[in-house]
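The values are calculated or read from the model by the stated rules, or taken from the named source; none is laboratory data. Since this is a predicted model, take the numbers as computed values, not measurements. Note that each Cβ is placed from the backbone with ideal geometry, even for glycine, and that neighbours are counted across all protein chains shown. When the accessible area is computed, the model is the full protein with side chains, heavy atoms only, and any ligands, DNA or RNA have been set aside. Shrake-Rupley method; radii C 1.70, N 1.55, O 1.52, S 1.80 Å.
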Amino acid sequence: MRSPGSKSCQIPPEEGPGRLSRVYLVLVLGALSAGYGALAVRLWCIQVLAHQRYSDLGREIQRGTDRVEASKGDIISRDGIILARSLQSFELGLDPSKMSREGIIEAVQTLFSRLEEPDEVRRDRLEDALRRREKGGRYVRLARDLDEESVAALKKSLAERLSREDARAVCCLPSSHRVYPHGALVSQLLGACDVEGRGIEGLELALDPFLRQQSGRRLVIKDALQRSRIYYPQSSEVRPIDGYDAALTIELRMQRILADELERGIDTFKAAAGLGIVMDCRSGAVLAMASHPSYDPGLYHLYPSEEQTERRRNRGVESAYEPGSVMKPVVASMALEHGLTRRDELIWGGGDSRRLGPRVVRDVRDHGPLTMEEVVVYSSNCGMSELGLRLGRDRLIDALERFGFGRKTGIGLPGERSGKTRDREAWSELYTSVSVSFGYAVMVTPIQLCTAFCSIVNGGYLYRPRILAHLDRPGERIENPPEVVGRPVREETSRQMREILLRVVQEGTGKYLQMDGFLFGGKSGTADMGPLYTKENYLASFVAFAPYENPEIVVLVMIEKPKARSYYGSTVAGSVVASVLRRYYRVEDEAYIVTVNRPS
Amino acid sequence: MKWLEWLEKGSPPPPQPGGARRGLPAPREILLVCVILLLTLSTVMVFSAGAFYWSVDDSFFFLKRQLLWLPIAGLVGLLFSLIDYRLYRRYYLAVLGSAAVLLVLVLIPQVGRTVNHSRRWLPLGGLQFQPSELAKVAVVMLVAGFLSNRPERMRSFLRGFIPLCFAVLGVVGLILLEPDLGTAVFVFALAVGLMLIAGMKIFYLLASAGAFVPVLAIYLQNHWETVERRFQGLLDSEGVYQIRHSLIALGSGGLDGVGLGASVQKLRYLPEAHTDFILAVIGEELGYLGCLGVILLFAVLVGSGAAIALRAKDRFGFLLASGITMSIGYQALVNIAVVTGSAPTKGMSLPLVTFGGSGLCMTLAQIGILVSVARISESRAASGEGCSGEPADTG
């Protein structure tokens, strides 16, 4: 690589650097080194001497706290199926003050073209966004409950269509939404949450203090855009607390059977509404509670607004009725309890009506002379009026009180009504005692009736009805144990009542409901719903306990205003109860097995 | 004293051909070790500092580019180390000319890319190039070449000083038009320093300083606000955003740093964390010891550059090596001074450490030239070829 000598001859003779040059170079570079030294000292001052000061300054700028989200508790059925759960989701919104008018329009159009929402919603959102832009608003929510993938897709398509500035004003916030996998089946029981996730109705409202989570806080290091970048794993943080998971006593299988059969019964008899309750008579646990008409939480906004309140009503606790004949076991058991009669005492001499002063009590037809037992079996109002008169005001008031009528049961559902019993002062022997004996002049809620019937068949124990089994959190469980709140009748009375109620199904009003190889007892009721008792609107009820040998469950079905085929409680509500029992106990399955196994 | 002797005679005793090396390794070897250490540190720190840069999603964006550029820049450096530096003695005008053309090009709005109100960047395909980087080398070559080809020019005001001054001021003026006051002053000072070393009469230099006063005055009048802001920053260094965060970064580093990769100020607080302010990130992550290491490496680099210059057998090689050493050394000094809040802010990178492909190529080209000077003077010393002006070896 060296230049050839011939070429180097062309350029002037080479000359080494002079002494002065060398000295100058050393001076110049010496100055440079001195500069380096000075900077090293300066750095020492900044980094070592002022270390604490700058660290503090930095920390002040960089540190922040972040929320740590906890999750809201699930609601789970007794058989372990999730009925309500909060899912992490995202909401997409924009800051209208930072966007052009065209940008907002484009953003809303793009978004809704992918969301498949109705046009009105899109128009509303657009108007809302434009209006807020005029007013200087900073946030308009465009869509909620989006999962991560759809958020990414939406953001991408927005980024393609919007200008850089406009796209920057679109933001995505984490949120959560509540899903109800078995929506329509348990909608009235569970109720609903508002946008913020607070329970506003049903169990969501009742259990909100327990389901509710408490978000925590932790110290973080934020970057210059105030976004968290680094966590202090060991830092003093407020721990996030998840909400309790609530386990209900509801058995989803039972709930499904009850809801199905109730709806079928209402359709068959062209009824207006109806409800059903299944309760474990050994503990007061509500196994199923259905009310019709119902709603699907996902389609709620599609129902006409005048229907919405009616559909939301959980009739099992929020409605009170004059129940009619289904009350008779209550009065009858109390007459037995007080020893005012015996099962085989002849208390009605026959005839289809009984005159009591100015009042006439009528039966459906003349059953002939009836013992006390037969009065219940054939549901004779005339015979019952005799029991009512024998009990009298004080014992009847005491009876209603002991069975829990006229006060809330404490099931823990919001909106529960207490029903109504006649005040002592307004009670007239002839009218009230007689009416109460066959289920009028008293307003009861279905849950009260069901609870009272449980105590009649379970040996006399009045349980507080429960729908919450327990609350769970890792390492922690709050039980909601069965609770006996009263003992209205003795074991002996209960046994006699079970036998009487079995006869109702075997030969009385419910004899068409019998099943081969499966014994159950019950009582029907057909009440005129009033208010003018014009014999137009009936309340058809049936309450049953099963199995007879070892009562496990009590099923109550009440159907309002049946308009086709029949209006009798034994037919309309009784068929629903029978279907529920048949399906729940797989009665026909058993019969089949018995048949094939029988040696022939 | 031995080093005074070397200063007198121009070179240390030549290494014994074939014999075992004695004492220190050759300066160019020390130089290369420094360069390699700085580049290694640079690669790690560019990755660390650039991983959170705001405009890129890919954390490896800058690391990938750095790794792509390193071999390219290495090849450029190798190429320049193989080229005989005496070639530039004849072609320095061509280099100066091309630098001037690029400096003019960058001023054309359709060509030059504007960053922070200054047209400093020339897009070159997908890459960018700062013509003022080339201008620094070109001015060094100009002064070295012009003054060593005809040494008598140094003593002539009209035939020596004036043309040289005009050429230098032309380049400086073009840089000022971008506008880039920092680099303009730097190039001017570099030229003046090199003239001083070359032996230009100090009187001329003082006169030139006088001539520069009106130019400076006009510039200051036009850009007063910028200048004022920068000097205010010097007085109240924590009032300026970049400097405040640079100081916070350095200060939180302490003696041994918060740990590699753990800098917080690089999280978008420090602007240009991977370029001009990379030392702040080094200071935060590696602490005072890291910064001191960088300064020491530059000091050793400058020392070995000086040794190469002093051992050069010809005036041109001496001046070229001196100019390049000064250029790199002082640029590092200015950058560190800015980062520590000791000098007004200006876009001056830390050579070899800052991220930037074309800058890296330019710096390694200069290192290559230094190596070329060292290599040729060594081989000439070994072959006993002396300089015509002085006896080669007095023994």
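Within the stretch A:53-67, residues that are among the aliphatic types (A, V, I, L, M) have Cβ atoms under 6 Å from residues that are in a helix (DSSP H, G or I) in these pairs: A:Leu57/B:Ile248, counting only partners at least 6 apart in sequence or on another chain.
Among the residues of the stretch A:164-204, write down those that are modelled with pLDDT of 80 or more, in a helix (DSSP H, G or I) and crowded, with 20+ Cβ neighbours inside 10 Å. Matches in the stretch A:164-204: A:Leu185, A:Val186, A:Ser187, A:Gln188, A:Leu189, A:Leu190, A:Gly202, A:Leu203, A:Glu204. For the stretch B:287-321, filtered to residues that are of a type in the set (Gly, Ala, Ser) and in contact with a Pro (Cβ under 6 Å, 6 or more places away or on another chain), the residue that is least open to solvent (accessible area, probe 1.4 Å) is B:Ser304.
Going by what's in this entry, would B:Ser383 be described as out of contact with any helix residue (DSSP H, G or I) (no Cβ under 9 Å at 6 or more places or on another chain) and either open to solvent by 30 Å² or more (accessible area, probe 1.4 Å) or more than 20 Å from B:Arg89 (Cβ to Cβ) (or both)? Answer is yes for this residue.
Conditions (1) modelled with pLDDT under 90; (2) open to solvent by 40 Å² or more (accessible area, probe 1.4 Å), marked per residue:
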| residue | (1), (2) |
| --- | --- |
| A:Pro531 | yes, yes |
| A:Leu539 | no, no |
| A:Val543 | no, no |
| A:Pro551 | no, no |
| A:Val554 | no, no |
| A:Val557 | no, no |
| A:Ser566 | yes, no |
| A:Thr571 | yes, yes |
| A:Val577 | no, no |
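Of the residues A:Ser385, A:Ser379, the single one that is surrounded by 15 or more Cβ atoms within 10 Å (Cβ to Cβ), assigned by TED's automatic domain parsing to the domain that holds A:Gly439 and outside any loop (DSSP other than H, G, I, E, B) is A:Ser385. Of A:Arg59, A:Arg42, all but one fail to be modelled with pLDDT under 90 and not polar (S, T, N, Q); the exception is A:Arg59.
The single condition among (1) touching a Cys at 6+ places or on another chain (Cβ under 8 Å); (2) of a type in the set (Val, Ile, Thr); (3) under 26 Å from A:Arg424 (Cβ atoms) that A:Val485 does not meet is (1). Taken over the stretch A:412-441, the residue count meeting the criterion of being buried (at least 23 other Cβ atoms within 10 Å of the Cβ) and touching a strand residue (DSSP E or B) at 6+ places or on another chain (Cβ under 7 Å) is 4. Restricting attention to the stretch A:473-512, the residues that are open to solvent by less than 40 Å² (accessible area, probe 1.4 Å) and more than 24 Å from A:Leu336 (Cα to Cα) total 1. Could you list, in sequence order, all residues of the stretch A:45-102 that are of a type in the set (Val, Ile, Thr), closer than 30 Å to A:His470 by Cβ and open to solvent by less than 10 Å² (accessible area, probe 1.4 Å)? Selection gives A:Ile75 alone.
Of all the criteria given as (1) open to solvent by less than 20 Å² (accessible area, probe 1.4 Å); (2) in contact (Cβ under 8 Å) with a residue 40 or more places away in the chain; (3) in a helix (DSSP H, G or I), the one not satisfied by B:Ser358 is (1). Remark: pairs (first residue in the stretch A:440-463, assigned by TED's automatic domain parsing to the domain that holds A:Glu560; second residue modelled with pLDDT under 95 and among the aromatic types (Phe, Trp, Tyr); Cβ separation under 6 Å; 6+ apart in sequence or on different chains) = A:Val444/A:Phe405; A:Gln448/A:Phe405; A:Ala452/A:Phe403; A:Ser455/A:Tyr461; A:Val457/A:Phe545. Looking only at the stretch B:110-117, decide whether some residue is hydroxyl-bearing (Ser, Thr, Tyr) and open to solvent by 30 Å² or more (accessible area, probe 1.4 Å). Yes.
Of the set (1) within 30 Å of B:Leu142 (Cβ to Cβ); (2) hydroxyl-bearing (Ser, Thr, Tyr); (3) at the interface with chain A (Cβ under 8 Å from one of its Cβ atoms), all apply to B:Ser252 but (1). Residues of the stretch A:27-55 that are within 60 Å of the chain's Cα centre (by Cα) and facing chain B (nearest Cβ under 7 Å): A:His51, A:Arg53, A:Tyr54, A:Ser55. Here is the figure for the stretch B:352-381: residues that are more than 24 Å from B:Leu68 (Cβ to Cβ) and polar (S, T, N, Q) total 3. Hey, does the stretch B:277-298 have a residue that's facing chain A (nearest Cβ under 9 Å), of a type in the set (A, V, I, L, M) and in contact with a His (Cβ under 6 Å, 6 or more places away or on another chain)? The answer is no; no qualifying residue exists. Criterion applied to B:Arg89, B:Arg65 was being within 14 Å of another protein chain (Cβ to nearest Cβ), part of a helix (DSSP H, G or I) and not hydroxyl-bearing (Ser, Thr, Tyr), and the one residue passing it is B:Arg89. Go through the residues of the stretch B:140-163 one by one and say whether even a single one is more than 14 Å from chain A (Cβ to nearest Cβ) and within 20 Å of the chain's Cα centre (by Cα). Looking through the stretch B:140-163, at least one residue is more than 14 Å from chain A (Cβ to nearest Cβ) and within 20 Å of the chain's Cα centre (by Cα). Taking every residue in the stretch A:103-131 that is under 14 Å from A:Asp166 (Cα atoms) and part of a helix (DSSP H, G or I) and pairing it with any residue that is among the small types (Gly, Ala, Ser) and open to solvent by less than 40 Å² (accessible area, probe 1.4 Å), at least 6 positions away or on another chain, the pairs with Cβ-Cβ distances below 6 Å are A:Ile104/A:Ala129; A:Thr110/A:Ser157. Does A:Lys222 meet the test of being surrounded by fewer than 16 Cβ atoms within 10 Å (Cβ to Cβ) and among the basic types (Lys, Arg)? So A:Lys222 does not fit the description; no. Does at least one position in the stretch B:185-195 carry a residue that is within 30 Å of B:Ala332 (Cβ to Cβ), in contact with a Pro (Cβ under 9 Å, 6 or more places away or on another chain) and assigned to a helix (DSSP H, G or I)? No; the residues of the stretch B:185-195 include none that is within 30 Å of B:Ala332 (Cβ to Cβ), in contact with a Pro (Cβ under 9 Å, 6 or more places away or on another chain) and assigned to a helix (DSSP H, G or I). Note on the stretch A:452-472: residues that are open to solvent by 10 Å² or more (accessible area, probe 1.4 Å) and either over 19 Å from the mean Cα position of the chain (by Cα) or acidic (Asp, Glu) (or both) total 5. Please go through the stretch A:1-22 and pick out each residue that is open to solvent by 20 Å² or more (accessible area, probe 1.4 Å), within 7 Å of chain B (Cβ to nearest Cβ) and either modelled with pLDDT of 90 or more or not in a loop (DSSP other than H, G, I, E, B) (or both). A:Arg19, A:Leu20 - these are the residues of the stretch A:1-22 that are open to solvent by 20 Å² or more (accessible area, probe 1.4 Å), within 7 Å of chain B (Cβ to nearest Cβ) and either modelled with pLDDT of 90 or more or not in a loop (DSSP other than H, G, I, E, B) (or both).
Residues being open to solvent by less than 30 Å² (accessible area, probe 1.4 Å), closer than 22 Å to B:Thr345 by Cα and within 14 Å of chain A (Cβ to nearest Cβ) are represented in the stretch B:169-189 by at least one member.
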